[in-house]
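Input: a single structure, listed below in structure tokens.
The values are calculated or read from the model by the stated rules, or taken from the named source; none is laboratory data. What you are looking at is a predicted structure, and each value in this text was computed from that prediction instead of being measured. Cβ atoms come from the backbone with ideal geometry, glycine included; neighbour counts cover every protein chain shown.
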Amino acid sequence: MGKPSRRPNREEIKALNKERKAAQKALRAKQRAEGMTIPTKSSTPNRKSQYDNVEEEQEARQFAATEQARIFQSQLPVLLKTISKIKDLRNPKKNQAQDGFAHNVWDTHVCLSDGFPA
């Protein structure tokens, strides 16, 4: 057989938990006596959405999407300029390289915006 387990059994675990809870209770009582304020633990709300109604949620989502699009629009010229400096290592005579990256990105964007799968 192997070595006996060093893990405490059920009764020992319960006794340790009881001691720990008693120590915590004594500490809280001591802190209260000294005038310390004990912060309460906030519970998470039992609901699906933080918004009161559908219109409020739709407005918040629209605002977030608009702001994100505005940020992307401001960063796009710099990003395209940086990407255009990268040398294309593909063989231009092969069929894969003839369409080009920008053409494929534009087609994907147009298809997705129209609701068609790319």
Cross-chain or 6+ apart pairs with Cβ under 8 Å, the stretch 31-42 first and without any contact (Cβ under 8 Å) to a residue 40 or more places away in the chain, then part of a helix (DSSP H, G or I): ILE38/ARG28; ILE38/GLN31; ILE38/ARG32
Positions within the stretch 37-68 being loosely packed, with under 10 Cβ neighbours inside 10 Å and hydrophobic (A, V, I, L, M, F, W, C), in sequence order: ILE38, VAL54
Helices (runs of 4 or more DSSP H) wholly inside the stretch 17-118 that include at least 1 residues being of a type in the set (Ser, Thr, Tyr) and modelled with pLDDT of 80 or more: 54-84
